[in-house]
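Here's the structure, in structure tokens; my notes come after.
Just so it is clear, none of the values below were taken in a lab; they were calculated from the coordinates. Keep in mind that this is a model prediction, so the values were computed, not measured. A quick note on method: Cβ atoms are made from the backbone with ideal geometry, for glycine too, and the neighbour counts reach across all protein chains shown.
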């Protein structure tokens with residue numbers, strides 16, 4: 001079936017529309033195609049094409065007893081997802097270890113954080129805290145080198161938080177780690193938290209000198225997001241002197257400048273009863289979903305606040321009130337198309353559409369009931385190679 | 001005007017102040033065969049018509065275009081797609097170029113290496129054993145490929 005030969009630029013255009021699986025196979029066509037698929041410009045063009053479509057939704061599910069985690073993928077066209085075996089993480093997943101996704105999928109790369117379920121109050125076992133960068137589309141992963149914490153034996157420490165992001169100035173993936181210390185024997189100021197950054201290009205950790213004067217409520221499943229090149233955590237600061245309570249706030253870490261910043265929370269009007277919150281992103285704005293923690297509540301209402309001007313406290317607006325919704329355990333966050341994702345009491349993901357007010361369950365074929373949905377992220381595949389550190393060209 | 005190359009021709013004509021009966025002007029298109037040109041003209045007319053019918057409703061336009069495109073693809077042979085791409089490229093007809101490139105991508109997505117080589121007129125230039133090594137490394141990408 002010979003046909004008139006197309007010029008290179010048109011062949012490239014066609015190839016940039018193919019899914020990664022096809023391109024990996026076509027690496028065997030000839031040398032120039034093989035080289036093309038490693039070209040940063042082509043990789044960027046290909047990723048841009050796929051970024052324009054609706055992303056696939058990835059959902060992590062955790063088994064109640066063993067804490068094992070699996071991922072399911074839900075392409076936009078299907079209402080029913082499948083337990084995509086190709087998404088089986090090729091590393092970690094020991095019993096009693098919790099596998100979490102840090103933040104967002106960036107340029108087709110996902111960062112996984114594995115930590116022990118039972119958190120020791122003394123010196124943690126550093127080897128049980130593992131981070132890996134993973135590109136599921138090309139089946140490539142890299143486990144980060146362990147960075148041990150060195151401190152005197154009378155000082156206790158804890159891994160306060162991790163963050164994953166991309167430095168667009170140096171075209172590099174980075175992971176930030178915050179370790180906090182406490183020493184019961186000392187009266188006076190505590191040892192400051194230790195902040196370290198891992199960069200993929202150097203494949204190493206380094207300590208950075210930066211001020212962090214708040215405590216992070218680390219929970220990758222509900223209180224961390226990635227936006228505008230910065231990783232954000234929900235945090236709090238104890239107001240001195242006692243008896244002033246803690247002030248809640250948001251801490252961000254900019255991946256390029258490597259500095260922390262504080263973003264203020266909205267002022268809630270009615271603060272009766274215990275309020276829970278979920279941190280998410282909606283229409284490229286920081287979003288907070290507040291809901292009541294009262295156990296007697298069978299139908300829940302969710303207040304959704306959005307920060308229209310990034311960093312400006314006055315720009316927080318209570319944009320939506322959703323509910324009452326029945327049978328919902330908690331919110332998960334927003335899908336790229338603006339639907340609200342929640343977990344039902346049975347552990348399944350529920351999608352809420354603002355326009356129609358309807359909810360839809362996301363079934364996962366082959367998933368046992370003992371697995372409950374934990375996190376969701378929008379996933380767009382790419383050819384970005386972590387192991388060959390092929391730099392993504394913007 | 002969608003056929004940017006043709007528009008360019010008219011613009012050039014006006015610049016040269018040549019008076020002519022526009023309806024009988026002959027525009028030379030040496031690089032386009034009549035068959036793909038006919039298809040492109042039909043595609044263009046259809047696109048303009050659907051756009052006009054659906055005035056402000058972009059979603060409806062997209063939906064109707066998609067339906068038309070699906071029907072069109074059923075009538076076009078894969079070999080013709082290459083000619084159509086070349087014609088659309090020469091005429092600088094962006095929407096059609098985008099559509100036909102998408103169509104080719106869709107057509108070859110699940111095909112074997114041999115099929116793709118034939119389609120693009122390419123040959124393997126790997127050293128002995130290099131290709132086997134790659135095939136082994138990416139064995140997973142060969143799962144579920146269409147039979148030739």
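General remarks:
- Remark: mean inter-chain Cβ contacts per residue of A:5-15 equal 6, using a 10 Å Cβ-Cβ cutoff to other protein chain atoms.
- Prolate/oblate/rounded call for region A:1-58, Cα gyration tensor, a/c under 1.5 rounded: prolate
- Percent of beta bridges antiparallel (DSSP, region A:109-238, rounded to nearest 5): 100
- Acute angle (nearest 10 degrees) that the helix A:40-51 long axis makes with the longest principal axis of chain A, alpha-carbon atoms: 70
- Whether the protein assembly as shown is rounded, prolate or oblate, judged on the alpha carbon gyration tensor where a/c under 1.5 counts as rounded: prolate
- Taking other Cβ atoms within 10 Å as a rough exposure proxy, A:387, A:69 sort from fewest to most as A:387, A:69.
- Cα-based shape type of region A:146-230, given that a ≥ b ≥ c are square roots of the gyration tensor eigenvalues and the cut on a/c is 1.5: prolate
- The value of relative contact order for chain A, using C-alpha pairs under 8 Å at least six residues apart, is 18 percent.
- Residues A:247, B:82, ranked from the fewest to the most other C-beta atoms within 10 Å, line up as A:247, B:82.
- Within 10 Å of each Cβ in A:258-269, the average number of Cβ atoms from other chains: 0
- Choice from B:100, B:119, B:138 showing the highest fluctuation, given a GNM over chain B with Cα pairs closer than 10 Å: B:138
- Potential lengthening of the chain between residue B:6 and residue B:33 amounts to 8.2 nm, from the contour at 0.36 nm per residue minus the alpha-carbon distance.
- The packing ranking of peptides A:145-155, B:45-55, highest mean first, is B:45-55, A:145-155, where packing means the average number of other beta carbon atoms within 10 angstrom of each residue.
- Spatial separation of Cα centroids for region A:134-159 and region B:48-116, in angstrom: 49
- For chain B, modelled as a GNM whose springs connect Cα atoms under 10 angstrom apart, the maximal fluctuation among B:137, B:123, B:33 occurs at B:137.
- For peptide B:71-82, the mean count of partner chain Cβ atoms within 10 Å of a residue's Cβ comes to 2.
- Dividing the summed helix terms, -39500 (n - 2.57) for each DSSP H run of n ≥ 4, by the number of residues in the protein assembly as shown produces a 222 nm estimate of -7500 deg cm²/dmol to the nearest 500.
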